[in-house]
Each structure stands twice: as C-alpha cells, then as structure tokens.
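The structure under discussion appears below in the form of structure tokens.
Any read-out appearing in this document is the output of simple, stated calculations on the displayed coordinates, not a laboratory observation. The structure displayed is predicted, hence computed values, not measured ones. Neighbour counts are summed over all protein chains in view; Cβ atoms, including those assigned to glycine, are modelled from backbone coordinates with ideal geometry.
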C-alpha cells in the first residue's frame, strides 16, 4: 500500500462498532492492574514480553483462558475507568471518534465485583474518554449464550446504567461459544425487553458456527446488527435476507484469522460480502489479544484486497450509518469524511 493511502486512512474519522473492553487491555495496563490487586497473570514474571507471549493463543479455549485472566484484574470502579480511558487514548491516536464498546458485566459480578462498582467505573470512564480524548463511548452489555440465566441481570444492569448515565447504552449482545445447544428463550426475552427500552440487539453469530446461528440471531433475537456473521455466505438465502433487510455485519478480519475462521487474510470472505451487497463495517474485536487496531484493519485489508480510496471512504461512512451515535456527532463525522481529499494517484 502506498504511504499516501495510509495517510488517507488515518485522516478519515472512523467509528469502531465491535470492540470488547476486556480484550482491549494492553499488557502494560494488565500488569499494572494485576500488581494493584496482587493477581497472578500468565507469564507475568517475564513482564510485558511474557504476557504478550501468553496472548498468542492456539485455540478458542486458549483465547477464553487469557480473556478471563485479563478480566480478573478488574476489581474496582477505578480499574474499569482506567481501561476505558486507555482504550479512548489509543482510539484517538487512530482518529476514531466514536466506539460501541462491549462489556460482559456478569463475568465480573459472578466473581464478586458488585454491579454498582462496575457501573460506576464505566460511567466515569465514559466521561473521561470524551473530556480527555474527544472519543464518545456507548456500551453494549453482552451475555454468554451458555449462561442464559445471566440474561435478566445483564438487562437490569444495562437499564440501571442508562438511567444513571443517559445515552450511555447502545444495545445488548450475546457472545461465547456458538456451537452447541443453548436455551435462547431467556436471551430472546432480554432482547425484546431491551428493544422496548430503546436498546438494539447486537449478538455475535456466524463466526465459529455457520448460518443456523445467524438465522437464530435474526429470527429469535431480532438482530439489528451482527457481530461477525462472515459465514452467511454458506447460505445464499441468508445472504439475500441480510442484504434485503440491510442487517450489517461487524467484520473483524484479523480476529477471524487468529481464531481459525479463515486460513489467512487473503482467504477472508470480506470482498465477496461487499460484492454481494451485504452491509459491512470493519472492527478490531479484541485488539490487544489479536495485535491489531481499527486503523490496522483498514490498512491490512486495503493492502490485501487492493482497495481504492473510494472503498475505504465508503467503509468509514458505513461505520457511522450503522452506529447508534448521536445525530449531531454523526453529521459532523460525515462532513469531516467528505472533507478528506482523495490521495494523489
């Protein structure tokens, strides 16, 4: 890729619609939080280098293990605030002005963190992110599909935060393992109640499992947007449904490579999704664990797929159109994107 196109990617204001707070934690910050609370992390005796080596997982189970280890360092309101503010700092360096950040609240509550502590930390972190870095956050509270009993308390936590910090919640999500038999009824009830309260349904689906998981997400959970969804191409009827109803996919290419959904970036279905007219946004998922960033996703894909400046601009605009950002912010970002000149040929 030419340096001029790289400069163009950076100059475009962008929104990040699929990033997990816990998975955004850098090794440096994780070690600091672990020391704060006397928590042992994998390879921590070797400092940041050792912990980063632990980030190089070899399976989804391996990934979950390190993800939960990072989550264990979040104990106090100040910890959640620190992680949010550090994420905002790194997003601002990429010219990302808005992010919908996923948090799994019951993972923390289940290990003894009072829900009020978590909510207080997120509220403080969101305020500081905007004040210090000009990055506007909205939260997505997700539930692990293998723990459907956590659906109702997740909804209650989301409603409580929205009440104390109006405009802070974007929606509700579903994560965790996709392969298996799960009781989706409590989660579907959570999504319906959330929708009545103005929260969008934003489940993961079609990543490690195929089209049936996506059909469940759209039919039973009323998905407004899909985390991943890249395996929709295995079902032409599903592709047509997503295209017709303009249900966007939050595509995280590096995540898909690292978790073995695709063999390498060149084999990623993203170009075929765009050709099929499916609505797409680019995202980083768990940037620290996958050694990426939103800007890096744009750069890697542009280089691999030979994207033009027009395609890159279109994707930056898509990140706004498919978000829940406030209308004045959306309009300002659209105008700013239009003002960025194309790179010289």
- Message: Once each part is reduced to its C-alpha centroid, what is the distance from segment 230-253 to segment 99-157 in angstrom?
- Response: 28 Å
- Message: Highest mean first, how do 93-99, 320-326 rank when packing is the count of other Cβ atoms within 10 Å averaged over residues?
- Response: 93-99, 320-326
- Translational diffusion coefficient (Stokes-Einstein; Kirkwood radius from C-alpha pairs) of segment 55-136 at 37 °C, 0.692 mPa s, in µm²/s: 242 µm²/s
- For segment 248-331, build the convex hull from the C-alpha positions and give me its volume per residue in Å³. 100 Å³
- Item | Compactness relative to 2.2 N^0.38 Å, alpha carbon Rg of segment 55-213 | 1.03
- For the chain the mean separation of alpha carbon contacts under 8 Å (6+ apart) over residue count, i.e. relative contact order in percent, is 20 percent
- Place the peptides 259-272, 285-298, 146-159 in order of packing, highest mean first, counting for every residue the other Cβ atoms within 10 Å and averaging per peptide. 285-298, 146-159, 259-272
- Task: With the convex hull built on the Cα atoms of segment 282-345, state its orientation-averaged projected area in nm².
- Result: 5.1 nm²
- Query: Which value, in Å to one decimal place, does the Kirkwood hydrodynamic radius take for segment 151-297 when every pair of different Cα atoms is included?
  - Reply: 15.9 Å
- Task: State the volume of the convex hull built on the alpha-carbon positions of the chain, expressed per residue in Å³ and rounded to an integer.
- Result: 126 Å³
- How far is it, in nm, from the label point at residue 234 to the one at residue 111 when both lie 7 Å from their Cα along the line to the Cβ? 3.2 nm
- Burial order of peptide ranges 273-283, 180-190 (average beta-carbon count within 10 Å, highest first): 273-283, 180-190
- Query: Using only helices, what value at 222 nm comes out for the chain when you add -39,500 (n - 2.57) per DSSP H run of length 4 or more and divide by the total residues, to the nearest 500 deg cm²/dmol?
  - Reply: -15500 deg cm²/dmol
